[in-house]
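The values are calculated or read from the model by the stated rules, or taken from the named source; none is laboratory data. Note that this is a predicted model, so its numbers are computed, not measured. So basically every Cβ, Gly included, is an ideal-geometry build from the backbone, and we count neighbours across all protein chains shown.
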Amino acid sequence: MIHHVSIAARQPKHVAEVLAELMNGRAYPFPGGIAHSFMAVSGDEHGSMIEVYPEDVVLQPGTGDSQVNAGHTDAPQHVPFHLLLSVPVDRATVQRIGDREGWRTRLFGRGAPGQPPVFHVIEFWIENRIMLEVATPDMVAEYTERMHPSKLAEVFPAAAAA
């Protein structure tokens, strides 16, 4: 289970507030020593959280016995990262929030090209740079059913036998 992830944003505080709204949670300053960072906390029983750092922050391994270090670099236009986030709000609410922010927000089916969708998500593009796949309560059941190991074994029998 993934309990938290981190992303970088041009406006970390605002992005954390929007993500907290999607999760029916709260945004807080991030206490981890990275200036101008915030966290969107869902308030669920798993401690689900998204840390939001300034766009030029990178995480680097420490040396010796020291922990992770935060460095700075040129901010990329887009990143090869995405996250499927299940939220307790409905599709209309997700769309309303995306529209309000001016962020691309669209419903899509996921699966092999030319085949019926395996599941559906809402692409919610944070600052029109970082893709967040959002699953509303009616979409989560479809995803979890299709990603269950028994269903995957039917689709990929050779991998299941290995």
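Scanning region 104-162 for residues that are assigned to a loop (DSSP other than H, G, I, E, B) and of a type in the set (Phe, Trp, Tyr) yields one hit, Phe156. Among the residues of region 132-162, those that are modelled with pLDDT of 90 or more and surrounded by fewer than 18 Cβ atoms within 10 Å (Cβ to Cβ) comprise Pro137, Asp138, Val140, Ala141, Glu142, Thr144, Glu145. When you check Glu101 against the structure, is it modelled with pLDDT of 95 or more and not hydrophobic (A, V, I, L, M, F, W, C), yes or no? In short, yes. A single member of Gly43, Gly71, Gly32 is modelled with pLDDT under 95 and part of a strand (DSSP E or B), and it is Gly71. Across region 1-51, what is the total count of residues that are over 16 Å from Leu83 (Cβ atoms) and of a type in the set (Gly, Ala, Ser)? Count: 6.
When restricted to residues that are farther than 21 Å from His78 by Cβ and either among the charged types (D, E, K, R) or in the same structural domain as Leu83 (by TED's automatic domain parsing) (or both), region 14-54 contains 5. Here Val41, Val79 are screened, and the one residue that is surrounded by 13 or more Cβ atoms within 10 Å (Cβ to Cβ), hydrophobic (A, V, I, L, M, F, W, C) and without any contact (Cβ under 8 Å) to a residue 60 or more places away in the chain is Val41.
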